[in-house]
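Asks: Submitted below is the structure of interest, expressed as structure tokens.
The values are calculated or read from the model by the stated rules, or taken from the named source; none is laboratory data. Note that this is a predicted model, so its numbers are computed, not measured. Counting neighbours? That spans all protein chains shown, and the Cβs are built from the backbone with ideal geometry, glycine included. Remember, those area values only see protein heavy atoms, side chains included, never the ligands or the DNA or RNA. Shrake-Rupley method; radii C 1.70, N 1.55, O 1.52, S 1.80 Å.
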Amino acid sequence: MIMESCGIFGALMLNGENAVPYVIEGLIALQHRGQESAGIAYVEKEELKVYKKMGMVTEVFGNGVMKKFKSFNAIGHVRYSTRGRSDIQNSQPFHVRFRNEHFAIAHNGQIENAEDLRNYFEKTGTIFLTETDTEIILHMLIKKLNKRISKWTLEDIAQIIFENIFPSYSLLILFKDRMIAVRDKKGYRPLFYYVSKEGYFVSSEDSAFNFLNAASEKVYEINPGEAIEFSVHGVKKYRVPDTEKMFCFFEHIYFARPDSNIFGKNVHFVRKKLGELCARENPVDADIVVPVLDSGFSAAIGYSKESKIPIEMGLMRNRYVGRTFISPDQREREIGVKRKLPPIPEVIKGKKIVLVDDSIVRGTTMKKIVKMLKDSGAKEVHVRIASPKVINTCRWGVDIPDKRELIAANFSLDEMVKEIEADSIGYVSLKSIKSFLMSEYDNYCFNCFIENIKRVNTR
């Protein structure tokens, strides 16, 4: 499974209401973007404070914990680690005290020039307390601005970040009286804000505003290279000149919720279209289409629509899975997959199946699913993937394993069929995606699907 780094949500209330419950509700809506830790930064008696723990949002803020925090201004973060270990030290938001003033930061993405910047700071005597690249932004702001935090302007902050930090990043920065959102010049990660009578809200995905009954005309996508300041005095914006865009296409394939609108397109409809393209390029004689839930569901609808093969829920999705208690051998791993995606033998038995998923990384999970379907009586299993082959790693925040671990980078299609023990396998081609996106194709990053990519200039 491919994972991505984080989700961020912020709220600044104009009516004196407590922002913290809104931020926590927003983090719950973004839980799919990170399940390792959750945290908030908030203002209490003119001081910034942070509360964060390992675990899911409802676990971290359950048992009445949320009632302890009251603040008109707060930001939150859910984490999946791509750089740095999964522990509380690396969880966010990060809180900094400088000259007896405070600010906090939450980051979604991965800084490309992090290693160079970290080496630079360490040579000048800077001490790092975490393993994450986010801490670099804190040091950069303090070193470059070198004045009281209350004197930092939106322009100061934006210029330092845009000039020194290379994509990818979507940021929320909290001060005691304001909140600033920053999206990198390439727009690699999505970021949105919602304006209401009650206040201002910022989120990694617009679907996280649903609990607010947000009117669509009041929801805005923050532009690439734009920084926005929210306060009781209103909204201020700073934007660098238009630059080359580089939207992560995996937001459409896997990361985002189906009800989100990412880079101007609804995620469900994009996945459905990818399923249609897959059916056109990879037709097969079969009885039913079975989705790998959840992210393969929209694509399976598209495949079924285009191929005229009926869709069936041959696999269920158990959302309450934990670790298995059998010894750590092959049987444990098989039980883990079966617990997460239990098959329905009555649907599967004697059928030729088109198994639709969003992507294949190592191939180990797919092999288990194929075996599970055949053990349940499937006559044939034809794997169809609603994306191109993943054959390269990513430096901008997608947790893709080393190329040596990527099945599509090391096996031909025929070899992959044998490896995962399927009857056939088919992918959507980049050519089809280019035809679908037309002129917008050049705005997207497809580096993980392309062999021997050249380094992209991210300045």
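Asks: Take segment 99-139 and flag every residue that is in contact with a Lys or Arg (Cβ under 8 Å, 6 or more places away or on another chain), assigned to a strand (DSSP E or B) and either among the aliphatic types (A, V, I, L, M) or farther than 20 Å from Val23 by Cβ (or both).
Replies: Of everything in segment 99-139, just one residue is in contact with a Lys or Arg (Cβ under 8 Å, 6 or more places away or on another chain), assigned to a strand (DSSP E or B) and either among the aliphatic types (A, V, I, L, M) or farther than 20 Å from Val23 by Cβ (or both), namely Glu101.
Asks: Determine whether Lys367 is modelled with pLDDT of 90 or more, in contact with a strand residue (DSSP E or B) (Cβ under 6 Å, 6 or more places away or on another chain) and either open to solvent by 70 Å² or more (accessible area, probe 1.4 Å) or more than 30 Å from Cys248 (Cβ to Cβ) (or both). It would help to see each step written out before you state the result.
Replies: Working: modelled with pLDDT of 90 or more: yes; in contact with a strand residue (DSSP E or B) (Cβ under 6 Å, 6 or more places away or on another chain): no; either open to solvent by 70 Å² or more (accessible area, probe 1.4 Å) or more than 30 Å from Cys248 (Cβ to Cβ) (or both): yes.
Answer is no for this residue.
Asks: Also, I was wondering about something else. What single numbered condition from (1) in a helix (DSSP H, G or I); (2) buried (at least 17 other Cβ atoms within 10 Å of the Cβ); (3) aliphatic (A, V, I, L, M) fails to hold for Ile425?
Replies: Result: Ile425 passes all but (1).
Asks: Now, a different point. Quick check: is even one residue across segment 205-224 assigned to a strand (DSSP E or B), without any contact (Cβ under 8 Å) to a residue 60 or more places away in the chain and over 19 Å from Met179 (Cβ atoms)? So that I can check it myself, show each step before the final result.
Replies: In the first step, residues of segment 205-224 are kept if they are assigned to a strand (DSSP E or B); the result is 219-221.
Remaining after also requiring without any contact (Cβ under 8 Å) to a residue 60 or more places away in the chain: 219-221.
Okay, now just the ones that are also over 19 Å from Met179 (Cβ atoms), so none.
Checked segment 205-224: no residue is assigned to a strand (DSSP E or B), without any contact (Cβ under 8 Å) to a residue 60 or more places away in the chain and over 19 Å from Met179 (Cβ atoms).
Asks: Go through segment 372-398 residue by residue and tally those that are out of contact with any helix residue (DSSP H, G or I) (no Cβ under 8 Å at 6 or more places or on another chain) and either surrounded by fewer than 19 Cβ atoms within 10 Å (Cβ to Cβ) or β-branched (Val, Ile, Thr) (or both).
Replies: The qualifying residues number 4.
Asks: Right, next: Consider Phe166 against the criteria (1) touching a helix residue (DSSP H, G or I) at 6+ places or on another chain (Cβ under 8 Å); (2) open to solvent by 30 Å² or more (accessible area, probe 1.4 Å); (3) of a type outside the set (Asp, Glu): it satisfies all of them except one. Which criterion is unmet?
Replies: (1)
Asks: State which residue pairs qualify: first residue on the phi < 0 side of the Ramachandran plot and among the basic types (Lys, Arg) and inside segment 443-459, second residue open to solvent by 20 Å² or more (accessible area, probe 1.4 Å) and modelled with pLDDT of 90 or more in any location, beta carbons under 7 Å apart, and separation of 6 or more residues or different chains.
Replies: Arg459/Phe166
Asks: Turning to a different aspect of this structure: Suppose we filter segment 390-402 for residues that are part of a loop (DSSP other than H, G, I, E, B) and within 19 Å of the chain's Cα centre (by Cα); how many remain? Spell out the reasoning first.
Replies: Let us first name the residues in segment 390-402 that are part of a loop (DSSP other than H, G, I, E, B), namely 390-397, 400-402.
Cutting the leftovers down to within 19 Å of the chain's Cα centre (by Cα) gives us 390, 392-397, 400-401.
Number satisfying all stated conditions: 9.
Asks: Considering segment 116-151 alone, what residues qualify as being within 26 Å of His77 (Cα to Cα), of a type in the set (Ser, Thr, Tyr) and either open to solvent by 60 Å² or more (accessible area, probe 1.4 Å) or at pLDDT 90 or above (or both)?
Replies: Thr134, Ser150
Asks: I'd like to verify a number: residues in segment 140-160 that are polar (S, T, N, Q) and part of a helix (DSSP H, G or I), how many?
Replies: Taking segment 140-160 as the starting set, the residues that turn out to be polar (S, T, N, Q) are 146, 150, 153, 159.
Within this subset, residues satisfying the condition of being part of a helix (DSSP H, G or I) are 150, 159.
Selection size over segment 140-160: 2.
Asks: Can you tell me which residue in segment 244-271 is nearest to Ser439 (Cα to Cα), limited to those that are open to solvent by 40 Å² or more (accessible area, probe 1.4 Å) and in a helix (DSSP H, G or I)?
Replies: Phe269
Asks: Looking for whichever is modelled with pLDDT under 95 and either within 24 Å of the chain's Cα centre (by Cα) or surrounded by fewer than 23 Cβ atoms within 10 Å (Cβ to Cβ) (or both) here; the options are Glu205, Glu217. Which one fits?
Replies: On the way: Glu205 fails: modelled with pLDDT under 95.
After applying the criteria, what remains is Glu217.
Asks: Okay, next question. Please state which of the following conditions Ser432 fails to meet, knowing it meets all the rest: (1) modelled with pLDDT under 95; (2) of a type outside the set (Val, Ile, Thr); (3) touching an Asp or Glu at 6+ places or on another chain (Cβ under 7 Å); (4) within 20 Å of Val267 (Cβ to Cβ).
Replies: Ser432 satisfies every listed condition except (1).
Asks: Can you find a residue that is aliphatic (A, V, I, L, M), touching a residue at least 60 places away in the same chain (Cβ under 8 Å), in contact with a Ser or Thr (Cβ under 8 Å, 6 or more places away or on another chain) and under 21 Å from Glu101 (Cβ atoms) anywhere in segment 14-26?
Replies: Going through segment 14-26, the residues aliphatic (A, V, I, L, M) turn out to be 14, 19-20, 23-24.
In the following step, the residues that additionally are touching a residue at least 60 places away in the same chain (Cβ under 8 Å) were identified as 14, 19.
Next, from what is left, pick out any that are in contact with a Ser or Thr (Cβ under 8 Å, 6 or more places away or on another chain): 19.
Checking which are under 21 Å from Glu101 (Cβ atoms) leaves us with 19.
Checked against the condition, which is being aliphatic (A, V, I, L, M), touching a residue at least 60 places away in the same chain (Cβ under 8 Å), in contact with a Ser or Thr (Cβ under 8 Å, 6 or more places away or on another chain) and under 21 Å from Glu101 (Cβ atoms), segment 14-26 yields at least one hit.
Asks: Considering only residues of segment 8-38 that are in contact with a strand residue (DSSP E or B) (Cβ under 7 Å, 6 or more places away or on another chain) and in a helix (DSSP H, G or I), which is nearest to Gly109 (Cα to Cα)?
Replies: Arg33
Asks: Something else about it: So Tyr193 fits all but one of (1) touching a Ser or Thr at 6+ places or on another chain (Cβ under 8 Å); (2) not polar (S, T, N, Q); (3) not in a strand (DSSP E or B); what number is the exception?
Replies: Failed condition: (3).
Asks: So Thr324 clears everything in (1) modelled with pLDDT under 95; (2) open to solvent by 40 Å² or more (accessible area, probe 1.4 Å); (3) within 20 Å of Met372 (Cα to Cα) except one condition, right? Which one?
Replies: Exception for Thr324: condition (2).
Asks: A further question follows. Among the listed residues Tyr188, Tyr200, Tyr194, identify the single one that is surrounded by 24 or more Cβ atoms within 10 Å (Cβ to Cβ) and within 16 Å of Asn223 (Cβ to Cβ).
Replies: Answer to the check: Tyr188.
Asks: Moving to a separate point now. Taking the options Glu59, Glu17, Glu25, name whichever one is open to solvent by 20 Å² or more (accessible area, probe 1.4 Å) and either farther than 18 Å from Met179 by Cβ or at pLDDT below 95 (or both).
Replies: On the way: Glu17 fails: either farther than 18 Å from Met179 by Cβ or at pLDDT below 95 (or both); Glu25 fails: either farther than 18 Å from Met179 by Cβ or at pLDDT below 95 (or both).
The unique qualifying residue is Glu59.
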